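Just so you know, all these numbers are worked out from the coordinates, no wet-lab data involved. As the structure is a prediction and not an experimental result, all values here were calculated from the model. Using ideal geometry, Cβ is built from the backbone for each residue, glycine included, and neighbour counts are taken over all protein chains shown.
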C-alpha cells in the first residue's frame, strides 16, 4: 500500500474522497458568498428608491452624496439619481454571476467597490449603511478566500 500523501489511518481512496469533499465544500461556500451580490443589489434597489417602496435598509454612499450635494448639476441631477443606482445594480448583478462562475476577481472587485462606497458613507454618518456594507465586504472576503483555497498550488 502506498502511503505517500495519505493522512494517518486513511487509505488512499479515503484521502482522495476527503479532498474531493473539501473541494466541493469550498465551491459551495464561494457560490453562497456570490449570492450576496444579488442580496446587495436588492438592498440597494430598496435603499435608493428604484422600487416603488423605499426602505432605509442600506443606502449607497455615492448616491447619498449626489442626493445631498448634486443640486448644482442642474438638469443632470435627475438623470444622475436614476442612472447611478441602475448602473450600481447592473455591476452588482454582473459580479454576482461572475462570482457564481468561480471568478475570484469578482469578489475582489466587489470588495473594492464597497470599500470605496464605505468611504463616502463616513462623512454622512450613516452607521447603519456602513454596517450593511461591512457585512457584504466580509461575505465577499470569505468567498474569495474559498476560491483561493481551491486554486492548485504552483
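How tilted is helix 104-121 with respect to the longest principal axis of the chain? Cα atoms for both, answer in degrees (0 to 90, nearest 10).
The answer is roughly 30 degrees.
Where does helix 76-100 land angle-wise versus the long Cα axis of the chain, in degrees 0 to 90, nearest 10?
10 degrees
Sum -39500 (n - 2.57) across every DSSP H segment of at least 4 residues in the chain, then divide by the residue count to get the 222 nm mean residue ellipticity, nearest 500.
-25500 deg cm²/dmol
Springs between alpha-carbon pairs under 10 angstrom, Gaussian network model over the chain: which of 33, 75, 129 fluctuates most?
With Cα springs under 10 Å in the chain, the top fluctuation among 33, 75, 129 is at 75.
Springs between alpha-carbon pairs under 10 angstrom, Gaussian network model over the chain: which of 135, 37, 107 fluctuates most?
135
With viscosity set to 1.567 mPa s at 4 °C, what whole-number translational diffusion coefficient in µm²/s follows for the stretch 35-147 from Stokes-Einstein and a Kirkwood radius over Cα pairs?
Answer, rounded: 91 µm²/s.
Estimate the FRET efficiency between residue 31 and residue 65 by the formula 1/(1 + (r/R0)^6), using the beta-carbon distance for r and 25 Å for R0, to the nearest 0.05.
Efficiency, from the Cβ-Cβ distance: 0.15.
Mind checking the log10 I(q)/I(0) for the stretch 110-154 at q = 0.15, 0.30, 0.32 Å⁻¹? Debye, one equal scatterer per Cα, no solvent, two decimals.
-0.44, -1.00, -1.07
For 119, 65, what ranking results if the residue with the fewest other Cβ atoms within 10 Å of its Cβ goes first?
With the fewest neighbours first, 119, 65 line up as 119, 65.
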